1. In this structure, does A:Pro293 turn out to be crowded, with 17+ Cβ neighbours inside 10 Å, within 14 Å of another protein chain (Cβ to nearest Cβ) and more than 28 Å from A:Pro464 (Cα to Cα)?
2. Answer with yes or no whether A:Glu340 is outside any loop (DSSP other than H, G, I, E, B) and of a type in the set (Asp, Glu).
3. Taking B:Phe104, is it in contact (Cβ under 8 Å) with a residue 24 or more places away in the chain and out of contact with any helix residue (DSSP H, G or I) (no Cβ under 9 Å at 6 or more places or on another chain)?
4. Can you tell me which condition A:Ile119 does not meet? The list is (1) crowded, with 21+ Cβ neighbours inside 10 Å; (2) under 21 Å from B:Pro421 (Cα atoms); (3) within 14 Å of chain B (Cβ to nearest Cβ), and all the others hold.
5. Condition test on B:Tyr111, is it in contact with a Gly (Cβ under 7 Å, 6 or more places away or on another chain) and surrounded by fewer than 24 Cβ atoms within 10 Å (Cβ to Cβ)?
6. So, in the stretch B:116-162, how many residues would count as being in contact with a helix residue (DSSP H, G or I) (Cβ under 9 Å, 6 or more places away or on another chain) and not in a helix (DSSP H, G or I)?
7. From B:Ala306, B:Ala311, grab the single residue that is touching a helix residue (DSSP H, G or I) at 6+ places or on another chain (Cβ under 8 Å) and under 20 Å from B:Phe104 (Cβ atoms).
8. Where in the stretch A:457-560 are there helices (runs of 4 or more DSSP H), lying fully within it, with 3 or more residues that are of a type in the set (Phe, Trp, Tyr) and within 28 Å of A:Ile348 (Cβ to Cβ)?
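The values are calculated or read from the model by the stated rules, or taken from the named source; none is laboratory data. Keep in mind that this is a model prediction, so the values were computed, not measured. Cβ placement follows ideal geometry from the backbone for every residue including glycine, while neighbour counts extend to all protein chains displayed.
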Amino acid sequence: MATSPEAKPAASPIDKIKVRVDGKEVEVPKTTPDPLTGKPLPTTMIQACNVARVDVPHYCYHPKLPVAGNCRMCLVEFGIPAVGSDRKPILNPDGTAKISKSPRPAIACATPVSPGMEIYTNTPAVKQMREGVLEFLLINHPLDCPICDQAGECKLQEYSVEFGQSQSRFVEQKVHKPKRVDLGPRIVLDYERCILCTRCIRFTKDVVGDDALGIVNRGSYNTLTAYPGKTFDNNYTLNTVDICPVGALTSKDFRFQMRVWFLKETKSICTSCATGCNVIVGSREEKIYRYEPRENEAVNSSWMCDYGRLNYKWIGREDRLVEVRGPKSAALSWAAALKEISDTFKQISPGSAALIASARQTNEELYLLAKLATKLGAVTDSVPRQGEGDKLLLNTDRNPNSLGARLTGISAEPIGANLPKIAEAIRSGKIKTLLVFGEDVTKVGIGADLLGKLETLIVSDILPNTTTRSAHYLLPGCAHAEKRGTFTNTKGRVQKVMKAVEPPGQARAEWEFLHELIFNTTGQNGYASIEGLFNQMAADIPAFRDLSWAKLGDTGVSIPL
Amino acid sequence: MPAEYRLILKYADQPGYTPDLECYLRNGGYASLKKALAIQPKTLPDGRQVGGPEQIRDDVKLSGLRGRGGAGFSCGLKWSFVDRKSGKPIYLICNADESEPGTFKDKQILYKDPHQMLEGMIIACYANDVHLAYIYIRGEFVDGAKILNRALKEAREKNFLGKNILGSGYDLEIHVHRGAGAYICGEETGLIESLEGKRAYPRIKPPYFPAVLGLYMCPTIVNNVETLCAVKHIVAMGGAEFARLGTPNNTGTRIVSISGHVKKPGYYEVEVGKVTLGQLINDPVFAGGLRDGRKLKAVIPGGSSAKVFKAGEKFKLKRKGPDGKDAEQEVDMLDLPYDFDSLIAAGSMSGSGAIIVMDDSTDIVEALSNLSEFYAHESCGQCTPCREGSLWMSKALHRLTHGQGRGTDAEYLVRIADNIPGGRTICAFGEACSWPVQSFVAKFKDEFVARGAADEQRRPAVPKTEPELAPQAGH
């Protein structure tokens, strides 16, 4: 179909144009939203190549950042339909559009596609250009891979496999620059490894809004640095370590701790606030070494905050609760403890029990606890947890599942409203049995004196505190990284946590022993698998209607609020 | 007889000529501006209304004026690319960051006749509906910046600048901005970044074509000092008359800077294409030939980034024969007409109009090493091939000129240089740093090979750069 080249189609974002990538025709939108502003920008060659599933190597390009175009690794050749002097397309004898090949290459990351464009990514010239760029990047790069933290996830290593030379022809002295430069409280910079792609500069300037990093000096002596007199210390600095394509920016927390190829990667979410950033938990032999953000457009884009990222060390603490304890701190088996507790429950008269659960627990646990509370006729609530938030990801609500606690009926409106009432009812002797899950209630107005008045105090927690020390029954629970389940974030995104490491000692996933406790107490059988339990909860709770464990996938599902 | 044609430098070197406004006015200054502002709208035969500014733009197009900064791009065409419908202000920047080694023509204008440049600039601004313009002046031109600021003050006092210029209703302000000593600030998008207060990293094109997304993301015109002066003369004499100067497609005059091993290094204004490279170097009215007893070895015809010519080099060029038909002719390097197209046809360029002459006393390896060191020092370091390649070549040349050469270094240098230009880099600096290496080594390969081989001879045992591999089974 011949169209006039002058004809300007209306620039609506749904307009599609056809291009060819290495001979394969693909249809791409005419414009693609800017990752930061959402403003429609012309679709670029690299985006078209992604649609065609053709990989274009790159260092500086990052789909979530403004384009810089400086690494030159994504150079491709291309052609556009030839136009005659009458401005009409020139056709080949077979009627197809004649393509006039550009004499110069173009960077795929910044060059817009146009109708009928042909992109060539695998020509000898393109290969030669990639080899040239890689060689240039390597001549002044220290070849210290054996001791480099990035080894194993380094773009230089990756592309060396495809475009590297087996031997270097470089016989000059390398440029030497400072090493182990302290850029901020969490970041160390190796100037020599830096390939000056400016990803970190663009991230912190354009995503975080902290224009903290820049380049000084000239040419090959260029060096990345923090603004003079300033330290690189915003709450998102560690993302620069993730997006650094090489080993220049390293995390003080992770460097030299573990070779990345030994890490088991578990897709999960961060539970340090109500945002629920998607993460990959890196662990080895039941020890967690790092969190990294995992892309989820509906939640955290590709980022996470330093606060959430580094909030994992407590999981491996030496003083974790690892034993089931009964009255007078007697060691008990799970079976014995659960039997004793359920026997106690049978004697509870309605209104004499209260249950305080944590909004840091999973939907499933809160759902089971709500069920138990109903059976016991217990008043329930959970504990609010506030902190300073920011515009990007960190929520003022530091509970990861406040919404889940509300939807399952555990927490009062507003959250914590029942806590003074429970305290008063304990003081008056009305409440004789208290169940506490994952909270130190002595910090929210139910002091050790009140706890001492209780006939039965059943506590499940992960780390010791004043409440756990007062417990008649102490049930060691699991950190989020030691179990499976779901959380509902502040916007109603239901997302899975997955088990990365085994819990220590007798510690056990709360939903598992709650399931048994409810069976003992009510005689009702539940689901012994998290999948079944989730689906049962979805059937019972209107807000979770239509959800299933399988539907949640890796990035969760948003429920209407 | 070849001769200078002083159009732009008509007065600059006359005895008693000073850079102040009074002197400029005494010599007919700002008459062209008055003429430009007085141009009345007219109706074309097709009924189209054409205002004064558009008539000036059409006249500049008609004049065939090509940019005098280095690329030789049509000025009229450049102006025609400006996005006039964006609703954003249009900026004009005078590129006075003259720093290509060998070039010293803009300096003559800025220091001796600043009002001429200002007049051309004001006209260019009027023609393009610009109300705020900048002069980006090379940091080393300390006095030049002072002279310009004085000239601006004078022009403001006489209402050649400011509000309602000469009662025309047209407003314009011009500011001088001094660079800080980086060559890359002469690259127009690097210049724009620098003017915005940022590091002078040239911008990627697309999307940042200055005509659409220039200074502060507004449509912007960047013109060289000499180009803007030419605009004044186009208005004064008319585009068609200006186009009669020089040769077809290479119109007007150019100020040529000649340096190196000649008797009379200096600047000479000539009609473009009316004199040959050889005349410029050898004629007594120009550089006056080489020093006595010396023979020509090489010429860099258009600023240090232009590809070098070797003495005696011959080119096959299409030229009009006596019968008026195009015929291929063999032309000696010295017989090349000094214009844009002939030098491009000969594989180099007239660039910034700077001719660097080297006689037979020149150590060509040293000469290239010197140039390479300059480019390695000036690479902004933004994009990979230029950042790494320019320093690599410079280091190799340093080694070669300091007794550590190898016979293979000629080949080595070219293979590095080949990975830099041709669209691999963000800006033309990639070409600027690699063209000298490519051309010097190609044309004087023997000297590079001999230098390296001599070093190898002298050294007792060169550590092997490549380990010897034992033959392996299966390979």
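1. Working: crowded, with 17+ Cβ neighbours inside 10 Å: yes; within 14 Å of another protein chain (Cβ to nearest Cβ): no; more than 28 Å from A:Pro464 (Cα to Cα): yes.
No.
2. Criteria met by A:Glu340.
3. yes
4. A:Ile119 satisfies all of (1) crowded, with 21+ Cβ neighbours inside 10 Å; (2) under 21 Å from B:Pro421 (Cα atoms); (3) within 14 Å of chain B (Cβ to nearest Cβ) except (3).
5. Considered against the rule, which asks whether it is in contact with a Gly (Cβ under 7 Å, 6 or more places away or on another chain) and surrounded by fewer than 24 Cβ atoms within 10 Å (Cβ to Cβ), B:Tyr111 comes out as yes.
6. Total satisfying the criteria: 18.
7. Selected residue: B:Ala306, the only one of B:Ala306, B:Ala311 that is touching a helix residue (DSSP H, G or I) at 6+ places or on another chain (Cβ under 8 Å) and under 20 Å from B:Phe104 (Cβ atoms).
8. Ranges flagged: A:510-522.
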